[in-house]
Structures are given as structure tokens and as C-alpha cells.
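Chemist: Submitted below is the structure of interest, expressed as C-alpha cells.
Values quoted throughout were computed directly from the atomic coordinates according to the rules given, and no laboratory measurement underlies them. Given the structure is predicted, the values throughout are model-derived calculations rather than measurements. Quick reminder, even Gly has a Cβ in these numbers, built from the backbone with ideal geometry, and neighbours come from all protein chains shown.
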Amino acid sequence: MTASEPANPWLSWDYVQNNWADISEALGQHVSLTVQAVVIAFAIALPLAMLAHARPRLAGPILGLSGVLYTIPSLALFAILAPFTGIGRTTVLIGLVAYALLVLVRNILVGLQGVDPEIRDAARGLGYGPTRVLLTVELPTALPAIVVGLRLATVTTVALVTIGVVVGFGGLGQLMFRGFNSNYHAEVMTATLLCLAIALVADLLLAVAGRLATPWVRTGSGA
């Protein structure tokens, strides 16, 4: 061991202090990519799931298409996209959205399909039309399943952002890649711990938001 090596090469506060500019830039990139990807994926998945619910014959093709996108290896997907979208943020974002779609569409659809038929019948008996039943009865009832889907998609996306390093935009994955290449353990471990922290914080925030948005679930479980 040389005098310049840290006492613990895996955890080094000196590394964090000396490289905070790089770390904060990669961290911000990682968080922004995750948030944008999940928001865009949800904006696409919600109407698709609602369409599949309203037209059951379309459920198979919609789930099948999102499933095909999910099974494409990330490196292959980036290679397919790169000639059209270039190297950088756009390519990574499209790939992340594609991978989040299946989880979100499936969970939203499961939530909508799991609504008690008696609740729908009661709403129709009050004169609610199909659109009003969907928006005011089915979607609120399906919220727990939707929140689960958002949590799964978000945690998965946090992990997948790192793979964007292959096209030069991988958030904390950039630090991991650089650390592996230089055998700098502190860089790899710092980026790994920050990824875990992002996933845990995001999951906790969504879990709390889900509980606040569905007070009837807490009341029912406590009964």
C-alpha cells in the first residue's frame, strides 16, 4: 500500500470531498433521467391501460407490444436507437421509457380489472356514464395497484439508468464505469451507494404518497 492510498479503498470520504462536482453532476443526471422516464412512461401507459380495459380485445396486443419492448436487451435497444436518435440523453430516455411501460401498463390494467363489479353497477345505477365510471370510480379504486406499478417501475429505472453509460449518458453509471476501468474502488462504491439511496428514497416517497392518496385502504386494513 502506498502513502497516497486511502485506508479503506472501498469507502473514502476524501474521494467524495475531492470529487463532489463530478458526483453531484452525475447524481442530478441520474435523478432527472429517472423522473422524466417514469413520468413519460406513465403518461403513455395510463391511456393504453384504459383503452385495454375498455376494449378487452386490445389488451393482448397492447401487453404483447410492451412485453416485446421489455425483452429487448438494453445494449441492443441502444444500438437500434442510436442511428436515429444519436448518442446521448434522448437515446437513454427512450430506452428507459420502453422498459417501464410493461410494468406500468400491466399494473394499471390489473387494478382496473380488479374493481368490484358491484361498485361499477352501483355507479351505473346512479346514472354514471362509462367515462365517469372510469374516472371517478375505477381509477380511484385501482390506485393501490397503480402505486405498486409506479414503485416497481421507478426502482427498476434507477438501476437501468446506469446502463446508459454505453452511449455516454449513464448518470452514476459513468462513475461506476470510470471506477472499474481505473480500479478505483471508492468511486464504484460511492456511485453504487448513491444508486441504492435514490431507489430507497423514491420508493419511500411513492409509498407515502400512495398511502395518503388511498386513506380507505388504511381504514379497511385496520378494521
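Chemist: From Ser32, Ser66, Ser74, grab the single residue that is buried (at least 18 other Cβ atoms within 10 Å of the Cβ) and either out of contact with any strand residue (DSSP E or B) (no Cβ under 9 Å at 6 or more places or on another chain) or farther than 30 Å from Leu143 by Cβ (or both). Working first, answer last.
Modeler: Working: Ser32 fails: buried (at least 18 other Cβ atoms within 10 Å of the Cβ); Ser74 fails: buried (at least 18 other Cβ atoms within 10 Å of the Cβ).
Going through Ser32, Ser66, Ser74 in turn, just one is buried (at least 18 other Cβ atoms within 10 Å of the Cβ) and either out of contact with any strand residue (DSSP E or B) (no Cβ under 9 Å at 6 or more places or on another chain) or farther than 30 Å from Leu143 by Cβ (or both): Ser66.
Chemist: Where residues in segment 170-179 are crowded, with 20+ Cβ neighbours inside 10 Å and hydrophobic (A, V, I, L, M, F, W, C), which of them is nearest to Ala37 (Cα to Cα)? Full working, then the answer.
Modeler: Just the residues of segment 170-179 that are crowded, with 20+ Cβ neighbours inside 10 Å, to begin with: 170-176.
Pick out the ones that are also hydrophobic (A, V, I, L, M, F, W, C) and you get 172, 175-176.
Numbers: Leu172: 16, Leu175: 21, Met176: 21 Å.
Among residues in segment 170-179 that are crowded, with 20+ Cβ neighbours inside 10 Å and hydrophobic (A, V, I, L, M, F, W, C), the one nearest to Ala37 (Cα to Cα) is Leu172.
Chemist: Another question about this same structure. For residues that are free of Cβ contacts under 8 Å to residues at least 40 places away in the same chain and part of a helix (DSSP H, G or I), scanning just segment 178-187, find the one that is farthest from Gly86 (Cα to Cα).
Modeler: Going through the qualifying residues, I end up with Ser182.
Chemist: Tell me, please, whether a residue that is crowded, with 16+ Cβ neighbours inside 10 Å and either β-branched (Val, Ile, Thr) or touching a Lys or Arg at 6+ places or on another chain (Cβ under 7 Å) (or both) can be found in segment 116-129. Before the answer, list the steps.
Modeler: Initially, segment 116-129 is screened for residues crowded, with 16+ Cβ neighbours inside 10 Å, giving 120, 123, 128.
Next cut, either β-branched (Val, Ile, Thr) or touching a Lys or Arg at 6+ places or on another chain (Cβ under 7 Å) (or both) only: none.
Among the residues of segment 116-129, not one is crowded, with 16+ Cβ neighbours inside 10 Å and either β-branched (Val, Ile, Thr) or touching a Lys or Arg at 6+ places or on another chain (Cβ under 7 Å) (or both), which makes the answer no.
Chemist: Continuing with the same structure: Test of understanding: among Leu139, Leu152, Leu175, Leu212, which residue is over 30 Å from Ser24 (Cα atoms), touching a residue at least 24 places away in the same chain (Cβ under 8 Å) and part of a helix (DSSP H, G or I)? Give the derivation first.
Modeler: Details: Leu152 fails: over 30 Å from Ser24 (Cα atoms); Leu175 fails: over 30 Å from Ser24 (Cα atoms); Leu212 fails: touching a residue at least 24 places away in the same chain (Cβ under 8 Å).
None of the others qualify; the one that does is Leu139.
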